[in-house]
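Here the structure comes first, spelled out in structure tokens, and everything after it is commentary.
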């Protein structure tokens, strides 16, 4: 592939709800440009885009694929993104490096949930839309278009309308050319006169198109408002300006799997959509800045970083500065990726997207620049994962291997986090959802040979006391020679602080040198309570009396005496189980308010307040951690994927009797 100047590059991200046909549309474009000799099909598992084993198995995209094609002396960098909420991070990375978006809408299903969500993600990008699957049963162009008007923001105007539908679908009417385009099996079309019976609807759609074209240019708008007729060339120019500025979303239609209606979309991308130099004029003269938006970690070929050259030119065999990691990196070669295929190029101009292999320290989100004049780029805002799963290797001794593999996957995917919970002794993998977790676990096995088993998350409960007691602890042992003798009286009582130790001794009953040993013994006893073995908190212990032996007493003896007193005293002081309580903020469309509040109440939550946020509402509440371990799954089910939430620990409070009984019973079983 040749090196293209900035003006001849189009970066376009394909977005939609899963199953609407993004990948099929990309495959049709590859076929139309001669990259492939046949149309790849998702169901057959032979697409250029979805090449990962996990994608072929599930028949969905789970990772953004870069699949450039060359058309009319223009390089179109297609970024084919996943269509499911669990992979929002992939979408955000791709959106960050694209100047344009193509939104695929099913003519059968209309605008689905993730299409709405991803539309908002691309609100700052010029967009076009493709109503796909016009040849499927129950396809309805008007219904899908109405759905777009009702659910999506912005000015949405058809540039084409279909000729026929379902089994009778055979082409489209081009409202600009005012011709019927009839497609053959090779994706090419011939122009015919528009069927007479369609002309009534055509006039209405044509007027909308002319009005949209006028809005793209102030001079044209003045002419249009004064009642003057716009020429075809003026309409074309107005459409191009409106499209590249994002003022209007122009709508196409067709069938990606039958390659009907695809070539006109490709022509429009070349003629009308924004090139990188339109968005960032003069950036080719600025110092180097490139953004790494995606990383593939492979155990055999190493790390592969995908990046966009935001400023200047990037050359193979050059040295760059990773401003994020503050380290220099050697660029040994630049690769144009097409799915899993790669081709070396000597350089990449401003706006182009390439890949670099085997950089030592560079990962997703890093900025590559020059050390003498480092540049800044607004970072990619990746979503925060919130579904935790406890994992461990199936084979003993694979802990280090698992840790190393997860580290590599985290370099690849910023929406994974890993935590070793010291208290519960669990390794917790946090992801965007169930599908995301399943795929990570599959990848650990396939890519790194680590088989993993999952376990239920353990709740970090606490224990405390509700009463005050005075308790004696005596450690006395005689075994020839020096014996062991330590004797303490402690007063245990509830405290606002986690642990407070004090002494109120009189008359030298316990020598001062043994007081630290008593405190040490108590601190050693705190991590294991008497009810279920959880750490004890919110306790004050006061050493107020005791006795000692001039020969047999020692620090160890007093430490052991304190531990005995602690265990006995906690049992007598009305112990209780404490559970962690979290603050939760749930952002949802207003129509789900009642359902969410009802669900939080059923989870023993306390709603603290509500406030508007744009078109949504934010519910603030406190809820026991136990009840929201899998909340991301519940929220998706209630809101059809439209909700999101933030969760953070706030405090501990006493668990209800039923919960406490369950915790104690489980501890005894285990």
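Once each part is reduced to its C-alpha centroid, what is the distance from the stretch 83-147 to the stretch 1-58 in angstrom? Here the two parts' Cα centres lie 16 Å apart.
The stretch between residue 138 and residue 330, if pulled fully straight at 0.36 nm per residue, gains 63.6 nm over its current Cα-Cα span. What is the angle, in °, between the Cα long axis of helix 593-602 and the longest principal axis of the Cα atoms in the chain? Nearest 10 is fine, range 0 to 90. That works out to roughly 20 degrees.
Angle of helix 199-215 to the longest C-alpha principal axis of the chain, folded into 0 to 90 degrees and rounded to 10: 70°.
One Cα centroid belongs to the stretch 188-226, the other to the stretch 505-542; the line between them spans 84 Å. At what distance in angstrom do the alpha carbon centres of the stretch 572-612 and the stretch 358-404 lie from each other? Their Cα centres are 32 Å away from one another.
Could you work out the Rg to Rh ratio of the chain, with Rh taken as the Kirkwood radius (inverse of the mean 1/r over all Cα pairs)?
Details: Rg = 32.8 Å, Rh = 29.2 Å.
Reported Rg/Rh (Cα atoms, Kirkwood Rh): 1.12.
The helix-based estimate of mean residue ellipticity at 222 nm for the chain, built from -39,500 (n - 2.57) per DSSP H run of four or more residues and divided by its residue count, is -8500 deg cm²/dmol to the nearest 500. Computed over the Cα atoms of the stretch 42-188, what is the ratio Rg over Rh, Rh following Kirkwood? Rg/Rh for the stretch 42-188 comes to 0.96. For the stretch 7-279, relative contact order (Cα pairs under 8 Å, six or more residues apart, normalised by length) works out to 22 percent.
Mind sorting 482, 475 by how few other Cβ atoms lie within 10 Å of their own Cβ, fewest first? Walk me through the numbers before you get to the answer.
Numbers: 482 12, 475 22.
Sorted ascending by nearby Cβ count, the order is 482, 475.
Compactness of the stretch 7-279 was expressed as the Cα radius of gyration divided by 2.2 N^0.38 Å, which yields 0.95. Using C-alpha pairs under 8 Å with a sequence gap of at least 6, the mean separation divided by the residue count of the chain gives a relative contact order of 10 percent. Here residue 571 and residue 442 are evaluated by their C-beta separation; at R0 = 56 Å the FRET efficiency comes out at 0.70. What is the helix-to-structure angle for 262-272, meaning the angle in degrees between its Cα long axis and the longest Cα principal axis of the chain, kept from 0 to 90 and rounded to the nearest 10? For helix 262-272, the angle is close to 90 degrees. Once both labels are positioned 7 Å from their Cα atoms along Cα-to-Cβ, the gap between residue 662 and residue 182 label points is 6.8 nm. Sorting the segments 37-46, 311-320 by their residues' average number of neighbouring beta-carbon atoms within 10 angstrom, most packed first, yields 311-320, 37-46.
What is the fewest-to-most order of 306, 558, 51 by other Cβ atoms lying within 10 Å of their Cβ?
On the way: 306 23, 558 31, 51 16.
By the 10 Å Cβ count, ascending, the order reads 51, 306, 558.
With a 10 Å radius around each residue's Cβ, average the other Cβ atoms per peptide and rank 580-589, 593-602, highest first. Don't skip to the end; give the middle numbers.
Details: 580-589: 19.4, 593-602: 15.3.
The peptides rank, most packed first, as 580-589, 593-602.
The numbers here are math on the coordinates, done by the rules we state, and not lab data. Remember, it's a predicted structure, so these values are computed and weren't measured experimentally. Every residue, glycine among them, receives a Cβ derived from its backbone with ideal geometry; neighbour counts consider all protein chains shown.
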